[in-house]
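First the structure, in the form of structure tokens, and then the observations on it.
What follows draws every value from the coordinates through simple rules; no lab data is involved. Predicted model only: the values in this text are computed from it and were never measured. For neighbour counting, all protein chains shown are included, and Cβ atoms are generated from backbone atoms with ideal geometry for every residue, glycine included.
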Amino acid sequence: MEITQGQAPDAADAAAPHRWRPRALALVLALASACHSAGPVLPAPRPLAAQRIANLRAFARLYGVVRWFHPSDAAAAVDWDRFAIDGVRRVLDVPGAS
């Protein structure tokens, strides 16, 4: 619709650019809430599992410190991938302290 000089636009035409805003806002909020899920609720780890995780974490920290910061030539000659795999297996098999 063309507006000529002296003619007022219709109320519907004036509101047309603003009609989509509430719908777009509702769509954005719906998509945001659908995409933002807390994920599955996992049960608390059992005491044995918590101990194994703590052991694995301690080994990983020690592994990183020794591999990257030990000043000897012997550390440079170690096959670190094999050492890590063997170390993880041994750490996970350690019996819990009773």
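The figures follow:
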{"item": "Phi to ³J(HN,Hα) by Karplus 6.51 cos²θ - 1.76 cosθ + 1.60 over the range 69-77, Hz, x for Gly, Pro", "result": "10, 6, x, 8, 6, 5, 5, 6, 8"}
{"item": "Within the range 47-92: Cβ-based charge dipole about Cα centre, in debye rounded to nearest 20 (Lys, Arg +1; Asp, Glu -1)", "result": "280 debye"}
{"item": "Separation of the ARG23 and PHE69 label points, Cα + 7 Å toward Cβ, nm", "result": "6.1 nm"}
{"item": "Cα→Cβ-extended label distance, 7 Å offset, between ARG57 and ALA76, nm", "result": "3.5 nm"}
{"item": "Linear extension gain, LEU92 paired with LEU48, 0.36 nm per residue minus alpha-carbon span", "result": "14.8 nm"}
{"item": "Listed residue (LEU92, TRP80, PRO47) projecting farthest to the positive dipole end of the range 47-92, Cβ model", "result": "PRO47"}
{"item": "Sorted peptide list for 72-79, 60-67, criterion being average Cβ within 10 angstrom, highest first", "result": "60-67, 72-79"}
